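The values are calculated or read from the model by the stated rules, or taken from the named source; none is laboratory data. This structure is a prediction, so every number in the text was calculated from the model and none was measured. Because the Cβ atoms are built from the backbone with ideal geometry, glycine has one as well, and the counts that use them run over all protein chains shown. For accessibility, only protein heavy atoms count, side chains too; no ligands or nucleic acids. Shrake-Rupley method; radii C 1.70, N 1.55, O 1.52, S 1.80 Å.
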Amino acid sequence: MLTGLVCDGIIAPGYAPGTAAQLSRKKNGRFLVVEANEAFTPPADDVREVFGLRLIQRRDVAELSAALLDQVVGGALPETAVRDLLLGLAVARFTKSNAVCYVRDGMTLGIGAGQQSRIGCTRLAGGKADTWWLRRHPAIRVLAFRPGTRHRDRINWQTRLVEGGLNVDEAGRLAETVSAPAEELTADERTEWLRRLTDVLPRRLRPFAAGAGGAARRPARHPVRRRARRTGRTPSRPAGHRRRLRDVAQVGVLKRYFPAQES
């Protein structure tokens, strides 16, 4: 699977015979194949130092299990939702905060991270999830790429086409890459197709050293809730804005559709 994907390396506790040699041929021999030490025990504290200021906190060692999700709002979670939420927890745990990720069917569809505003993270993650889904529109999937077009170039052109707004140069290069005319999706086509994307679970994680200022004091609608209302998706978040992952004892699962009067 990795042979045909665009990636820079892999870290695993072990490899089947011949796997490392096969992967090492990627990127003209520059693909990194690293074997992890299963016996390694990380230090108890996370330490970061910036211009002499040292920040220390206990390492997050919480076990990611269904027990974290045993208290929910709005009814019991289906097994698929539990699986996706645990995946989201794992992704957010190792992503630079603020962090928002959208997961569905055991896959991470979009990650937004490193922004000062949680709204910015939500827009980044949601935009990536939208692009992932729009690339699966029937009109995009039938693009007739010419033989020899690289896998990465196919993805790039699909992405640019669903983003829309191709300039003259891009339109000309795309015409040379496909054997049949390629049309951008209309606004109505995009809206109708995005409505079919359901059961996407956003996960949000607070920063390394979260303060009480900024967005925490604003009475604005929660950005994940706001996006869920627009797209009709099923979001969830740790209960309590400042709890670290190991302290999460319950997850609030918001309804997929929200009443029109909700603010």
Where residues in the range 69-114 are in contact (Cβ under 8 Å) with a residue 60 or more places away in the chain and of a type in the set (Val, Ile, Thr), which of them is nearest to residue 126 (Cα to Cα)?
100
Out of all the residues in the range 18-63, which are under 21 Å from residue 89 (Cα atoms), free of Cβ contacts under 8 Å to residues at least 12 places away in the same chain and open to solvent by less than 100 Å² (accessible area, probe 1.4 Å)?
none
Members of the range 92-121 that are farther than 24 Å from residue 78 by Cβ, of a type outside the set (A, V, I, L, M, F, W, C) and out of contact with any Phe, Trp or Tyr (no Cβ under 7 Å at 6 or more places or on another chain)
95, 96, 98, 112, 114, 115, 116, 117, 118, 120
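Residues are listed down the side, and each one gets a yes or a no for (1) closer than 29 Å to residue 148 by Cβ; (2) over 25 Å from the mean Cα position of the chain (by Cα):
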| residue | (1), (2) |
| --- | --- |
| 8 | yes, no |
| 11 | no, no |
| 21 | yes, yes |
| 38 | no, yes |
| 42 | no, yes |
| 45 | no, yes |
| 54 | no, yes |
Within the range 119-178, track down each residue that is β-branched (Val, Ile, Thr) and either in contact with a strand residue (DSSP E or B) (Cβ under 7 Å, 6 or more places away or on another chain) or part of a helix (DSSP H, G or I) (or both).
119, 122, 131, 140, 155, 159, 162, 168, 177, 178
Kindly provide the set of residues from the range 64-112 that are surrounded by 13 or more Cβ atoms within 10 Å (Cβ to Cβ) and among the β-branched types (Val, Ile, Thr), ordered by number.
72, 80, 82, 91, 95, 100, 103, 108, 111
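Among the residues of the range 52-81, how many are outside any loop (DSSP other than H, G, I, E, B) and under 28 Å from residue 41 (Cα atoms)?
Count: 10.
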Kindly check whether there is at least one residue in the range 199-211 that is open to solvent by 80 Å² or more (accessible area, probe 1.4 Å) and at pLDDT 75 or above.
no
Quick one: count up the residues across the range 89-113 that are outside any strand (DSSP E or B), closer than 15 Å to residue 132 by Cβ and not acidic (Asp, Glu).
2
